[in-house]
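The next block holds one structure in the form of structure tokens; read it before the comments.
The values are calculated or read from the model by the stated rules, or taken from the named source; none is laboratory data. Since the model is a prediction, treat every value here as computed from it, not as a measurement. Note that we place each Cβ from the backbone using ideal geometry, even for glycine, and neighbour counts take in every protein chain shown. Ligands, DNA and RNA are stripped out before the accessible areas are found, and what is left, the full protein with its side chains, is counted by its heavy atoms. Shrake-Rupley method; radii C 1.70, N 1.55, O 1.52, S 1.80 Å.
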Amino acid sequence: QVQLVESGGGLVQAGGSLRLSCAASGSTSSFATMGWYRQAPGTQRDLVAFITSGGSINYADSVKGRFTISRDIAKNTVTLQMNSLKPEDTAVYYCNYRLPLRNYWGQGTQVTVSS
């Protein structure tokens with residue numbers, strides 16, 4: 001099992017910044033892909049960004065140029081720096097930890113962007 005603990009959500013005005021962090025513990029692996037998804041009320045959970053163990057990164061089109069994902073493999077952490085936030089970024093953000101046969105989710109952290 002892998003446990004994920006997220007931190008850094010909150011309320012911010014449009015144009016502001018937030019930084020989300022996620023720490024993994026338990027049966028972790030340096031080969032895992034880590035990332036962030038988000039889910040707004042009444043919608044499906046969508047990918048925000050992920051980063052592989054080799055450092056490959058993928059962003060959702062809606063966040064490209066505004067969000068930056070990074071990770072520390074030795075510390076089993078992943079960070080999402082969110083700049084130029086928009087009201088449409090409001091959602092619960094979930095940390096994801098993925099291996100070929102295992103997939104884990106954090107408990108979620110609320111991000112609210114006011115206009």
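If we keep just the residues of segment 62-101 that are closer than 14 Å to G35 by Cβ and charged (D, E, K, R), which is surrounded by the fewest Cβ atoms within 10 Å (Cβ to Cβ)?
Of everything passing the filter in segment 62-101, R98 is surrounded by the fewest Cβ atoms within 10 Å (Cβ to Cβ).
Rundown of residues vs (1) at pLDDT below 95; (2) aliphatic (A, V, I, L, M); (3) farther than 24 Å from S30 by Cβ, yes/no style:
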{"residue": "V48", "(1), (2), (3)": "no, yes, no"}
{"residue": "S62", "(1), (2), (3)": "no, no, yes"}
{"residue": "V78", "(1), (2), (3)": "no, yes, no"}
{"residue": "M82", "(1), (2), (3)": "no, yes, yes"}
{"residue": "E88", "(1), (2), (3)": "no, no, yes"}
{"residue": "Y94", "(1), (2), (3)": "no, no, no"}
{"residue": "R102", "(1), (2), (3)": "yes, no, no"}
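In segment 32-55, what residues are open to solvent by 60 Å² or more (accessible area, probe 1.4 Å) and out of contact with any strand residue (DSSP E or B) (no Cβ under 7 Å at 6 or more places or on another chain)?
If the condition is that a residue be open to solvent by 60 Å² or more (accessible area, probe 1.4 Å) and out of contact with any strand residue (DSSP E or B) (no Cβ under 7 Å at 6 or more places or on another chain), then P41, G42, T43, Q44, G54 are the ones that fit.
Return the pair list, or none, for Cβ contacts closer than 8 Å from residues in segment 41-53 that are in contact (Cβ under 8 Å) with a residue 12 or more places away in the chain to residues that are of a type in the set (D, E, K, R), at least 6 apart or on different chains.
Final answer for the pair search is R45/R38; D46/R38; V48/R38; F50/R98; I51/R71.
Can you tell me which of (1) farther than 15 Å from T109 by Cα; (2) among the aliphatic types (A, V, I, L, M); (3) touching a residue at least 60 places away in the same chain (Cβ under 8 Å) is the one A60 doesn't meet?
(3)
All but one of (1) over 10 Å from the mean Cα position of the chain (by Cα); (2) over 17 Å from G15 (Cβ atoms) hold for V78; which doesn't?
Failed condition: (1).
Spot the failing condition for S25; the list is (1) part of a strand (DSSP E or B); (2) touching a residue at least 40 places away in the same chain (Cβ under 8 Å); (3) surrounded by 15 or more Cβ atoms within 10 Å (Cβ to Cβ); (4) among the polar types (S, T, N, Q), and only one is missed.
Only one criterion is unmet by S25, namely (3).
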